[in-house]
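The values are calculated or read from the model by the stated rules, or taken from the named source; none is laboratory data. Keep in mind it's a predicted model, so treat the numbers as computed, not measured. Cβ placement follows ideal geometry from the backbone for every residue including glycine, while neighbour counts extend to all protein chains displayed. Each accessible area value is taken on the protein alone, full model and side chains, heavy atoms only, with ligands, DNA and RNA left out. Shrake-Rupley method; radii C 1.70, N 1.55, O 1.52, S 1.80 Å.
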Amino acid sequence: MPKIVSQLLVLAALLFCVTAPAGAQSVEPSDGLRQRAAQLTEIVNGGGDVEDMFAPSFLAQVPEAQLRALFAQVVAQQGEAGAASNFAMATPDQGQFDLAFDKAIGEIRMTVASDAPHRVIGLLLTGFRTENDSLDKVRAEFEALPGRSGYMIARLTDDGPITVADYQGNRLLALGSAFKLYILAELADQIANGDRQWSDIVALDRTSFPSGVMQSWPKDMPVTLATLATQMISISDNTATDILLHTLGRERVEARLAKIGHSDPSAILPFLSTVEAFALKMDGNAELRDRFLAASEAEQRDILEQNRDRLDISQVDVTQLAGAPRFVDTIEWPAAPRDMVALLDYLRTVKAPLAREIIAVNHGVPDSGRWDYLGFKGGSEPGVIQMDWLACTKDAECYAVVGGWTDPDKEIDQMKFASLMQRLLKLAYPD
């Protein structure tokens, strides 16, 4: 969908230029890094001199206005920043430390130039932790969310998923772009069965509205299925998604969904392309939308087939997709957390291992080194956010950590939700 949180989270996952390595030795921070760590508190709280603190190369990639906006979101969610502490350095100018906030502790990685005035050339806010955090605390915060929400943590075994934690795990929630995992699952199955190969070539013969970049690529350009799948998952490319759905076949994707299992197939069928969903939401298609929503599944399929000219990119007005939630209860791809656990478990075991590598191109959060493998797909639009991880330890113990929040009446707090999900990811396999 047009506003995807999955590509490094709005939460705190802005990757600022160069970052410190995850490993750290017994090294003292330089005076320059200590100075900049102390200065970060003032910057985060809305003051300070950004140009004095950050190198020009940094600000060329992350302008001051963008930086200020992110930190304003962080403060609104976590309270004001306090002191830096607990330095763990890889080199004197490169390391990590804690930054206290009113409600949590921010985990920071920072790199400063070795030469005076030691400006910051890399900064990464990897997330937040709550002292003495617990699954009960996270559940209580989920219960307080308006609208509908739910999550599930499951340990994935050869005998099936074993639930670790569950809040409304059977509740249908809008998936946003996380529905694209179903398309990847069908592609992986066709490859595992020898029907297709990752290197098969198809033409860019249709376009959708961003997110993504392939809508700007040359028309009829030949690309591999592997390229389409990687774009679809890693940057949530809608054009790649629709080409894959058309290439694989809508009915075969739907059949794969049924084999994996779904709480209410009637709610997600027929399985829409992104451009069909966008076009059905348009004011100019109100009459068509009303007929579609009142129709049986068979009639809906006929409507999609007979109205291709009204359900293409030419009918989409992006201004109508911004702002308030728009038909997120009716023109969407709903599934329950339990369904997404089953989907991730299928992708874990399907005999097309490149599918798992594709899921891991974008971890969804900065790599903390906690997991040996971390795959992710999420999605969002106004009123919708979904975040799904497949995470495995060095001992090959795997977990699905999935959750979503749908509010058809108003925009949701994406940063708050991302913070909750990141806490669940940590609590799935505590250190």
Checklist entry - For helix 225-234, what angle does its Cα long axis make with the longest principal axis of the chain, in degrees from 0 to 90 and rounded to 10? => result 50
Next on the checklist: Tell me the angle of helix 297-306 to the major Cα principal axis of the chain, expressed in degrees between 0 and 90 and rounded to the nearest ten.
Outcome noted: 90
Checklist entry - Given 0.36 nm per residue, what is the gain on full extension from S296 to S114 after removing their alpha carbon distance, in nm? => result 58.9 nm
Next on the checklist: Taking the solvent-accessible surface of protein heavy atoms with a 1.4 Å probe, what is the per residue accessible area of the stretch 51-154 in Å²?
Outcome noted: 43
Checklist outcome for this item: Note to self: with every protein chain in place and a 1.4 Å probe, the stretch 344-403 gives an accessible area per residue in Å² of 31
Checklist entry - Say we join alpha carbon atoms closer than 10 Å with springs in a Gaussian network model of the chain; which of V401, V328, V138 then has the biggest fluctuation? => result V138
Checklist entry - Hey, rough spin-label estimate for A65 and D52, points 7 angstrom out along Cα→Cβ, what's it come to in nanometres? => result 2.4
Item to check | Solvent-accessible area per residue for the stretch 170-222 (1.4 angstrom probe, square angstrom) | outcome: 42
Next on the checklist: Ignoring trypsin sites (Lys or Arg not before Pro) that are buried or in helix or strand per DSSP, and keeping those with at most 10 other beta carbon atoms within 10 Å, what is the longest stretch of the chain between them?
Outcome noted: 1-218
Item to check | Assigned charges on the beta-carbon of Lys, Arg, Asp, Glu; the chain dipole about Cα centre (debye) | outcome: 340
Checklist entry - Angle, helix 31-44 long axis vs. longest principal axis of the chain, Cα atoms, 0 to 90°, nearest 10? => result 50
Item to check | For the stretch 290-359, size of Cβ-based charge dipole, Lys and Arg +1, Asp and Glu -1, in debye | outcome: 360
Item to check | Cα→Cβ-extended label distance, 7 Å offset, between T91 and I162, nm | outcome: 4.5
Next on the checklist: Nothing charged except the Cβ atoms of Lys and Arg (+1) and of Asp and Glu (-1): what's the magnitude of the dipole of the stretch 111-227 about its Cα centre? Round to the nearest 20 debye.
Outcome noted: 400
Checklist entry - When the gyration tensor of the chain is built from Cα positions, what are the square roots of 5 times its three eigenvalues, in whole Å, from largest to smallest? => result 38, 23, 22
Checklist entry - In whole percent, how big is the carbon plus sulfur part of the accessible area of the stretch 114-189, probe 1.4 Å, protein atoms only? => result 43
Checklist entry - Tell me, what is the 1.4 Å probe accessible area of H363, in Å² to the nearest 10? => result 50
